[in-house]
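> My questions will all concern the structure given below.
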Amino acid sequence: MTRVKGDMSKRDVSVIGLGPMGRAMAGAFLDKGYRVTVWNRTPGRADELVAAGADLAATVPDALAASELAVLSLTDHRAMYDVLEPAGHALPGRVLVNLGSDTPDSARAAARWAAGHGARYLTGGVQASPPGIGQPGSTTFYSGPRDVFDAHRETLEVLTGTDYRGEDPGLAALYYQIGMDLFWTTVLGWLHALALADAHGVRAEDVLPSASSVLAGMPDFMAFYTGRIDAGEYPGDIDRLTMGVASAEHVLRTARDAGVDDALPAAVVDIFRRGVAAGHGDESATSLVEVLKRTTA
Ligand code: NDP
């Protein structure tokens, strides 16, 4: 379907990038009665959406011309430049909402790049898997110009709930990467624990209750220490880092005794020992945040 130039409404949206996430997003907009234009490098991925009522744009400029709002669901920002750089002439007046993952610095650079092409730019960090799109209970971090977010909030809330973090376009990416930092280290910790269990003939199923209990205690643990960390205080009244070193070494030795990969517990012991070397031995293990901060300072 060819759009008449200028014939756009708030219920028009273009979705660029049709991986599992982009397809779920375009489907959610269609379900809510939006006029959806899609574009993908591999056009065949649009087949089901077209059958459901989406318009397949032949080119990226066509996709940009069809709607004021373009939702980008691409692997990373490199893919965004690959897709949009040749279509720069179609960007003035457009609102780009980039829901692909990348770093905060890269998000800031992308916002500057978009502004240089006359487009306005929001960063998003989606905290849902494709089946969660359009369903209650999931949220996306957004950041960038408040007026742009407010103007398109209703449309964006078709996808997930929204959590606006501020004007800095890097903030949504930052909150997203903080979540992924926690997620991947937790997943890896769990998988290492399962490898340790397996070496002793213990199955993942047997570990599930105790592993769940450890993680269920984390919100209280974090809530107790958060105020102290923000105040820069690490008293050793509850735990001391020297105790933490001994504990981390027990984990390392348990792994080595079992012949299990020791890279992860060795890295943990290394960080704990650096904390002691930096003079935090009598403080709480949470003082390691100072060691971690200094690594990149
Ligand atoms: P995929 O990597 O599977 O697909 C992304 C899209 O990017 C595809 O349409 C692909 O095109 C396109 N693409 C990649 N590189 C290029 C390029 N150089 N030029 C043109 N197009 C390109 O990702 P998902 O759909 O799973 O996710 C999209 C984004 O959402 C990612 O940033 C991901 O981190 C984020 N996300 C994903 C979640 C998930 O569970 N899937 C959860 C939360 C966030 P083609 O089809 O032609 O290959």
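> For the range 175-292, what's the radius of gyration and Dmax over Cα atoms, in angstrom?
15.3, 45
> What are the residues whose amide H is under 5 Å from the amide H of residue 236, where those residues sit 5 or more places off or on another chain and H is modelled from the backbone?
284
> Could you give the spread of the C-alpha atoms of the range 7-167 along their three principal axes, from largest to smallest, in whole angstroms?
37, 37, 28
> Angle between the Cα long axis of helix 263-275 and the longest principal axis of the chain, 0 to 90 degrees, nearest 10?
70 degrees
> Using amide H atoms built 1.01 Å from N in the peptide plane, name the residues 5+ places from residue 119, or on other chains, whose amide H lies under 5 Å from its own.
It is 93, by chain and number.
> Among residues other than residue 262 whose Cβ falls under 12 Å from its Cβ, what is the net charge (Lys/Arg +1, Asp/Glu -1)?
In short, -2.
> Could you go through the range 82-93 in sequence order and give the Karplus-derived ³J(HN,Hα) for each residue, using 6.51 cos²θ - 1.76 cosθ + 1.60 with θ = phi - 60°, rounded to whole Hz, and x for Gly and Pro?
Couplings: 4, 7, 8, 4, x, 10, x, 5, 9, 7, x, x Hz.
> Any idea what the dipole of the chain comes to, in debye rounded to 20, about its Cα centre with Lys/Arg Cβ at +1 and Asp/Glu Cβ at -1?
In total the dipole reaches around 840 debye.
> Separate question: Take the Cα gyration tensor of the range 153-228, multiply each eigenvalue by 5, square-root it, and list the three semi-axes largest first, rounded to whole angstrom.
Taking √(5λ) for each eigenvalue gives 34, 16, 13 Å, largest first.
> Also: If packing is taken as the average count of other Cβ atoms within 10 Å, what order do 41-50, 240-249, 270-279, 23-32 fall into, highest mean first?
23-32, 240-249, 270-279, 41-50
> Given points 7 Å out from each Cα along the Cα-Cβ axis, report the residue 253 to residue 103 separation in nanometres with one decimal.
3.9 nm
> Using only Cα atoms, find the angle between the long axis of helix 104-116 and the longest principal axis of the chain, and express it within 0 to 90 degrees, rounded to the nearest 10.
With both axes taken from Cα atoms, the answer is about 20 degrees.
> Can you give me the long-range amide H partners of residue 167? Hydrogens built in the peptide plane at 1.01 Å from N, cutoff under 5 Å, separation of 5 or more residues or another chain.
Residues meeting the amide H criterion: 144.
> Compute the separation of the alpha-carbon centres of the range 11-86 and the range 220-278 and state it in Å as a whole number.
46 Å
> Right, something else. Counting only helical runs of four or more DSSP H residues, what would the 222 nm mean residue ellipticity of the chain come to if each run contributes -39,500 (n - 2.57) and the total is spread over all its residues?
Working: 12 runs with 151 residues, N = 297.
When only DSSP H runs of four or more count, the value is -16000 deg cm²/dmol.
> Still on this model: Would you work out which of 60, 14, 92 lies farthest towards the positive end of the dipole of the range 13-115, given +1 charges on the beta-carbon of Lys and Arg and -1 on that of Asp and Glu, about the Cα centre?
Most positive-ward Cα: 92.
> In degrees between 0 and 90, to the nearest 10, how far off the longest principal axis of the chain does helix 204-216 point, with axes built from Cα atoms?
Around 90 degrees separate the two axes.
> Counting only other residues whose beta carbon sits under 13 Å from that of residue 34, what net charge do I get with K and R as +1, D and E as -1?
Value of the local net charge: -2.
> Be a star and scan the range 161-181 for residues whose amide nitrogen sits under 12 Å from the point 7 Å along the Cα-to-Cβ vector of residue 32.
161-162
> On to the next question. Provide the per-residue ³J(HN,Hα) series for the range 222-237, in order, calculated from phi with Karplus coefficients 6.51, -1.76, 1.60 and θ = phi - 60°, each as a whole number of Hz, with x at glycine and proline positions.
Values per residue, Gly and Pro as x: 5, 4, 5, 8, 4, x, 5, 5, 5, 8, x, 10, 9, x, x, 7 Hz.
> Pairwise over distinct Cα atoms, reciprocal of the mean inverse distance: report the Kirkwood radius of the chain in Å, one decimal place.
21.9 Å
Values quoted throughout were computed directly from the atomic coordinates according to the rules given, and no laboratory measurement underlies them. Everything quoted here is computed from the prediction, not taken from an experiment. Heads up, the Cβs are rebuilt from the backbone with ideal geometry, glycines too, and the neighbour counts pull from every protein chain shown.
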